[in-house]
Amino acid sequence: MKSVLNRIGELGIVPVVRLDRAEDALPLGKALLEGDLPVAEVTFRTDAAEESIRILAGELPGLLVGAGTVLTREQVKKAVDAGAKFIVTPGFNPSVVDYCVENNIPVTPGINSPSQIEMALERGLDTVKFFPAEQSGGLAMLKAMSGPYGSVKFIPTGGVDAKNMLSYLAFDKILAVGGSWMVKPEFAAEGRFDEITRLAREAVYTMHGFELGHLGVNCENENEASGEAAKVASLFGLAVKDGNSSVFAGKLFEFMKSPYLGEKGHVAVSCNSVERALAFLKSKGIGALPETERKKDGKIAAIYLDFHAGGFIFHLLRK
């Protein structure tokens, strides 16, 4: 159960998919994979749901497939038999949740009150769906309601879209967000799978927020680092900041007091979550150098990647 939820946390966004025709399932799944978003929550609102899950789970092993809007035990059984790896319910149905817990099926029940959170805790669950998120008070409500429950993670769904996604994800009690803006039913019905790919990729890169953090240049010694930093600072009107191992000119230029990783130096790329970025880059074949990891407040603040370009090594930096 934990491994599935951990993977959802790494991905950060769960597309909530409604399919009216099972034949649309495979091209939709491929569109999500091409858009770097390998997960789908297929809602049990249509007759095509069960077969769609079976197709996605059977044909696309790289796609994490779950079932949403699950209302009964029978639907749980059908979804799991079809290949669903997780179950999502709109509300807290004790019968459905208990069945999932008893059978070790990952389930995130829908909640929008403290009482429902405590019902989840009583069953050993520490991840729930906040639904309908925006209509239940949005992020402000979630922050107020979640205060007493430090161990609980939330997946807000309902009214979450590209405009407010980052606000939710910035809250440290959010495991991921769920939404349908990149997989609207009409996209599949009209064969607009390229639009799904575009919006999925756009959502993924918006979530990561990759930006240039700074350029690090290797110098032979402290005097050279100080001199080079002073030249750059003087030219562009920047402040010089002397540190233990380097000298900064403004925030974008760092001069190392002795050669460090990288033939010429390093490129720092800032992102919203280093953990999610690492999982994403791993899917691209890019690893990390664990010995360079630096943490702050229990999260990774910086880490070097096993990736070089133009004589520079790259590292991630949390914003």
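The values are calculated or read from the model by the stated rules, or taken from the named source; none is laboratory data. These figures come from a predicted structure and were not determined experimentally. FYI the Cβ positions are ideal-geometry reconstructions off the backbone, even for glycines, and counts take in every protein chain you see.
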Those residues of segment 3-39 that are surrounded by fewer than 21 Cβ atoms within 10 Å (Cβ to Cβ), free of Cβ contacts under 8 Å to residues at least 40 places away in the same chain and more than 14 Å from the chain's Cα centre (by Cα) come to a total of 5
(request) Inspect segment 199-216 for any residue being part of a loop (DSSP other than H, G, I, E, B), closer than 24 Å to residue 23 by Cα and touching a residue at least 24 places away in the same chain (Cβ under 8 Å) and give the result as yes or no. (result) no
Log entry, pairs with first residue in segment 91-102 being touching a residue at least 12 places away in the same chain (Cβ under 8 Å), second being hydrophobic (A, V, I, L, M, F, W, C) and in a helix (DSSP H, G or I), beta carbons closer than 7 Å, six or more apart or on different chains, reads 92/119; 96/76; 99/76; 100/76
| message | I'd like to check something: does segment 35-45 contain any residue that is at pLDDT 95 or above, in the same structural domain as residue 91 (by TED's automatic domain parsing) and on the phi > 0 side of the Ramachandran plot? | response | yes
Out of all the residues in segment 50-59, is one or more surrounded by fewer than 24 Cβ atoms within 10 Å (Cβ to Cβ) and in a loop (DSSP other than H, G, I, E, B)? no
Subject >> Selection status of residue 282, modelled with pLDDT of 95 or more and within 16 Å of residue 205 (Cα to Cα) >> reply: yes
Exactly one of 165, 145 is free of Cβ contacts under 8 Å to residues at least 60 places away in the same chain, more than 21 Å from residue 19 (Cα to Cα) and either of a type outside the set (Phe, Trp, Tyr) or touching a strand residue (DSSP E or B) at 6+ places or on another chain (Cβ under 9 Å) (or both), and that one is 145
Screening 40, 49, 31 for residues that are of a type in the set (A, V, I, L, M, F, W, C) and farther than 21 Å from residue 91 by Cα leaves only 31
Residue 83 vs (1) surrounded by 14 or more Cβ atoms within 10 Å (Cβ to Cβ); (2) at negative phi; (3) not hydroxyl-bearing (Ser, Thr, Tyr): all pass except (2)
